[in-house]
Amino acid sequence: MEPAKNSGWTVCIFAFIQAIIRLLPVKGVHLFAEFEPKSGACLSGGYKWISEEMKTYLIPVWKALDPVYFKLSRLTYPSDEELPENIFRVRITKYKGRNVTLSDGTTINKNDLLIKIHLHNIRLLSEIKDIKSEVTRGRIIFQYVKQSLPILENYINNHKKNSEIKGIIGISMLNRGCQRLGFDVIGISHPLYRRFKRISCLMINLLSHSHSSKSSSPSYLFMSKEKLSIMYNKESC
């Protein structure tokens with residue numbers, strides 16, 4: 001089983017946002033009213049309608065809550081300061097999933113030390129929320145991740161636990177293009193954790209213009225430390 005250490009805080013934040021929505025002076029649907037867990041709704045347009053007016057309230061609420069989430073989830077930036085070219089926030093973690101072997105032969109076992117990467121979602125959303133083209137949004141995200149990986153490589157290379165870190169891990173439903181960046185895409189085996197991660201992308205789906213009809217499941221994104229260094233070490237490029 002892949003437990004979600006900080007899932008409780010995520011659920012609390014969603015519940016808090018839901019409570020605020022009930023107080024907003026705008027017309028709108030219940031935040032979870034149209035969610036159908038079995039349909040892959042988190043990416044496939046399971047939320048049939050949410051007003052533009054409501055979006056203008058929700059984004060500032062999320063921005064206000066983000067520093068709280070950042071602190072409670074023990075995230076940090078992979079640089080001394082928040083750089084405009086970096087879209088990652090990270091934390092060190094012990095892997096709790098099933099053993100996996102990556103494409104370069106690296107084996108990730110239970111309790112191996114990894115750097116978990118999180119996209120800075122509210123910052124990203126603020127930049128792409130008015131872009132209707134999914135292709136354009138995808139290109140922007142791809143470019144942000146690509147230019148953030150050298151910063152992450154330098155962070156790991158200078159980390160005090162560098163010798164113990166096996167690689168990096170992320171979780172995403174946007175798997176297209178990840179292999180071109182060097183990631184191995186591996187499915188999440190535990191159904192409850194997979195369901196939770198699908199729900200956790202709720203706010204991005206609601207606040208963006210994503211209306212894709214394609215169902216998708218969240219997957220692990222892995223990259224070994226060695227592969228990251230080969231592909232993104234600035235000094236070797």
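A short reminder: the numbers here are calculations on the coordinates, not readings from a lab. No experiment lies behind these values; they were computed from the predicted model shown. Glycine gets a Cβ as well: all are built from the backbone with ideal geometry, and neighbour counts include every protein chain shown.
The table that follows gives values for the structure above.
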item	result
Separation of the Thr136 and Thr101 label points, Cα + 7 Å toward Cβ, nm	4.5
Dipole in debye (nearest 20) - segment 82-185, about Cα centre, beta carbon charges: Lys, Arg +1; Asp, Glu -1	340
Gain on full stretching of the segment that runs from Thr56 to Ser163 - 0.36 nm per residue minus C-alpha separation	34.0 nm
Segment 85-195: relative contact order in percent, alpha carbon pairs under 8 Å with at least 6 residues between	29
Ranked packing of 63-70, 86-93, most packed first, by mean Cβ within 10 Å	86-93, 63-70
Stretch gain in nm, segment Ser189-Asn233, where the contour uses 0.36 nm per residue and the Cα spacing is subtracted	12.6 nm
Alpha carbon centroid spacing (whole Å) that separates segment 71-114 from segment 144-199	6
Computed E for Leu83/Lys63 - FRET, C-beta separation, R0 30 angstrom, nearest 0.05	0.95
Given Lys63/Lys132; Lys96/Lys132; Lys94/Lys146; Lys63/Lys146; Lys132/Lys160, the pairs whose alpha carbons are separated by over 31 Å	Lys96/Lys132; Lys132/Lys160
